[in-house]
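Please read the structure below before turning to the comments.
The values are calculated or read from the model by the stated rules, or taken from the named source; none is laboratory data. Quick caveat: nothing in here was measured; it's all calculated off a predicted structure. Virtual Cβ from ideal backbone geometry, glycine too; neighbours counted across all protein chains shown. The protein model used for the area step is the full one, side chains on, heavy atoms only, and it has no ligands, DNA or RNA in it. Shrake-Rupley method; radii C 1.70, N 1.55, O 1.52, S 1.80 Å.
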Amino acid sequence: MKTKNIILYLIGLVAFCSCQDMFEPAEENKRQLEDFTEESRYAHGLLMYAYDRLPYLTTSQTDIATDDATSNQPSNNLVMMATGEWSATNNPMSEWDRCKDGIQYVNLFLTIVDDVKWAPSAVSKQQMFVDRLKGEAYALRALFYYYLLMAHGGYADDGVLYGVPLLTAPEDGSSNFNQPRATFADCIQQIFTDCDNAVALLPAEYKEINDASEIPAKYLELGAILSNYNAVFGAKSKNLISARVAQAVKAQAALLAASPAFRDQSGVTSEQAALLCAEALKSIDGLNGFDKTGNIWYKNKTAIDANADIPEILWREDRQKNATQEADNFPPSVYGRGRINPSQNLVDAFPMRNGYPITDQAKSGYNAQDPYVNRDPRLAHYILYNGVTFRASEIITGNYENAKGEKYDNINADNATRTGYYLLKLLRDDVNPLQSNLLERDHYYTRIRYTEIFLAYAEAANDAWGPKSDPRGVGYTAYDVIKAIRERAGLGTNEIGMPLAEGDAYLEECANDKAKMTELIRNERRIELCFENKRFWDMRRWLLPLNEPLKGIEITKDPNKTDGSLIYTVKEIETRDYDNSYQCYGPIPRSEVLKWSELKQNQGW
């Protein structure tokens, strides 16, 4: 359901947004909420308003607050946060208001959903609507709490790991708003409960069925017919939250809870997280459903233009036609603003094509003065670097002219890169962002990819059982997952894709060392999910150092040679000013702590 239509549903909801607080509806509007049982359109609007609060971003953004990138806009609020201005009063990564609003609307909806006349003339259709909508509400609430825990969970001065206030009933003018934070463990259990409730009510996916025998028995007993079942659970509900999405959210929450930053008091083990990830992957038969082109799913223009499914995508937004990301991130020579600048730190994370990290020069064959040769093929898919051709233009990020005598894309030119690199991942090369000749194209914005869940399984399984162990009979190991991901990328092959005699020797080294496999899994996650707004959260749940200086590359022509030889010099571009002692946990908004005495702040904030 497109969020732009939400306002049509919400004409009757304006009263809930008083200037004082959305949780304090005016007295004269209490009767209006009760009347929603007669007006299903308005009742559904409550749920749609919750959907409108989904915390997913539709553009690459938060990586610039990490060691993966920066921006050529120094005034960008995320750059400012990363360089010392992150506080409890200035928190661009806060999810407090958005997710709490979403929870309030879900809780309101759950109080009326059973009584609303969704399809009063057909008992079975009425029950199907109640089940689906209630399932969506439970799953949405779980998702909102998951994001609240990522953004605001942490240790207070009393040494307790807290989550957020746990609310499962709507607040109104008579409520006690001075609520303490529930423990992190209690919040996680609520997420698990809500996800389980959602799975029990929702279909694995929304699709048309062709025979009444496929209708669940509980609805057949109520007299359900094929057309009514498809009206409720069919393809027109595609991209709403489903059972497989709820399972994935539960798996994501479990991985968060089992991570180093939270595991001591979360009550969730890595084994539990691994098994929940495996459960979420059952709908595609585990590794048998692994998408062999999933790392470049965004290049599948044929499927996107046809609004067709892509096997890599577990959940996405509705298709959107625009040129937003391209206008922001294309290099200046192709009419972009070059906003997101990948870092040398990230580029160095891409191994050589033989699978070895570039830090192992003896085995990898890496040459710092010819740095882009024989690299992991994903580097060329995700990042524009010096000398590549893009949209029939030579992209020169070094301090010299291209073949046309132009320097538009040179490091630190107007609207140009600060690091020597431009973003390529997720962009469509057939978009023209020039306003006088604007050509927009369709885009998919993913919410959850299957690769993310596979990587979550590998991380948890390796931590629980080691690289190659499968004591619970899942059917595949952490090693198997990482092997599939690296083979898909083309590692362990030569430049024409033929397997090397030694295969992926580095992976085999890691397979015998749990600690090395941990680092490899984390690096593969960094590469596979770069620019998808994951790195900020991953660094913090892993307790990684946050203040690593951000680096770029300066490329000049060798003045002592006439053959155009280049000199590559790594430079520090930006100092990151995070405090590793406490900023792995985000703050509770200071305004909320000042307002409510029971609300404890996280340490250090």
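Please give the number of the condition Arg316 fails out of (1) out of contact with any strand residue (DSSP E or B) (no Cβ under 7 Å at 6 or more places or on another chain); (2) open to solvent by less than 30 Å² (accessible area, probe 1.4 Å).
Only one criterion is unmet by Arg316, namely (1).
Given the condition in a helix (DSSP H, G or I) and either touching a helix residue (DSSP H, G or I) at 6+ places or on another chain (Cβ under 7 Å) or of a type in the set (D, E, K, R) (or both), answer yes or no: does some residue in the stretch 161-172 qualify?
No, every residue in the stretch 161-172 fails to be in a helix (DSSP H, G or I) and either touching a helix residue (DSSP H, G or I) at 6+ places or on another chain (Cβ under 7 Å) or of a type in the set (D, E, K, R) (or both).
Enumerate the pairs (first residue in the stretch 69-87 and in contact (Cβ under 8 Å) with a residue 60 or more places away in the chain; second residue anywhere and part of a helix (DSSP H, G or I) and surrounded by fewer than 18 Cβ atoms within 10 Å (Cβ to Cβ)) with beta-carbon separation below 8 Å, excluding pairs fewer than 6 apart on the same chain, so at least 6 apart or on different chains.
Ser87/Arg590
As an exercise: evaluate Asp579 against (1) within 21 Å of Ala461 (Cα to Cα); (2) surrounded by fewer than 20 Cβ atoms within 10 Å (Cβ to Cβ) and give the number of the one condition it does not meet.
Looking at each condition in turn, Asp579 falls short on (1).
Only one of (1) assigned to a loop (DSSP other than H, G, I, E, B); (2) open to solvent by 20 Å² or more (accessible area, probe 1.4 Å); (3) among the aliphatic types (A, V, I, L, M) is not met by Ile396, so which one is it?
Result: Ile396 passes all but (2).
Among (1) open to solvent by 10 Å² or more (accessible area, probe 1.4 Å); (2) touching a residue at least 12 places away in the same chain (Cβ under 8 Å); (3) in contact with a Lys or Arg (Cβ under 8 Å, 6 or more places away or on another chain), which single condition is Leu500 missing?
With respect to (1) open to solvent by 10 Å² or more (accessible area, probe 1.4 Å); (2) touching a residue at least 12 places away in the same chain (Cβ under 8 Å); (3) in contact with a Lys or Arg (Cβ under 8 Å, 6 or more places away or on another chain), Leu500 is out only on (3).
Please indicate, with yes or no, whether at least one residue in the stretch 430-443 is modelled with pLDDT of 95 or more, touching a strand residue (DSSP E or B) at 6+ places or on another chain (Cβ under 6 Å) and surrounded by 22 or more Cβ atoms within 10 Å (Cβ to Cβ).
So far as the stretch 430-443 goes, yes, one or more of its residues are modelled with pLDDT of 95 or more, touching a strand residue (DSSP E or B) at 6+ places or on another chain (Cβ under 6 Å) and surrounded by 22 or more Cβ atoms within 10 Å (Cβ to Cβ).
Could you say which residue among Ala248, Ala278 is at pLDDT 95 or above, within 27 Å of Thr183 (Cα to Cα) and in contact with a strand residue (DSSP E or B) (Cβ under 6 Å, 6 or more places away or on another chain)?
None of the other options fit; the residue is Ala248.
Quick one: is Ala413 under 23 Å from the mean Cα position of the chain (by Cα) and open to solvent by 10 Å² or more (accessible area, probe 1.4 Å)?
no
May I ask you to list pairs of residues, at least six apart or on different chains, whose Cβ atoms are under 7 Å apart, with the first in the stretch 119-137 being within 19 Å of Glu39 (Cβ to Cβ) and the second being at pLDDT below 95 and open to solvent by 40 Å² or more (accessible area, probe 1.4 Å)?
Gln126/Pro120
So which residues in the stretch 332-388 are in a loop (DSSP other than H, G, I, E, B), of a type in the set (A, V, I, L, M, F, W, C) and over 25 Å from the mean Cα position of the chain (by Cα), if there are any at all?
Listed by number, the residues that qualify are Ile358, Ala368, Val373, Val388.
Is one or more of the residues making up the stretch 140-158 free of Cβ contacts under 8 Å to residues at least 40 places away in the same chain and not in a loop (DSSP other than H, G, I, E, B)?
Looking for residues that are free of Cβ contacts under 8 Å to residues at least 40 places away in the same chain and not in a loop (DSSP other than H, G, I, E, B), one finds none in the stretch 140-158, hence no.
Just name the residue that is surrounded by the fewest Cβ atoms within 10 Å (Cβ to Cβ) out of those in the stretch 518-545 that are touching a Cys at 6+ places or on another chain (Cβ under 9 Å) and in contact (Cβ under 8 Å) with a residue 60 or more places away in the chain.
Leu543
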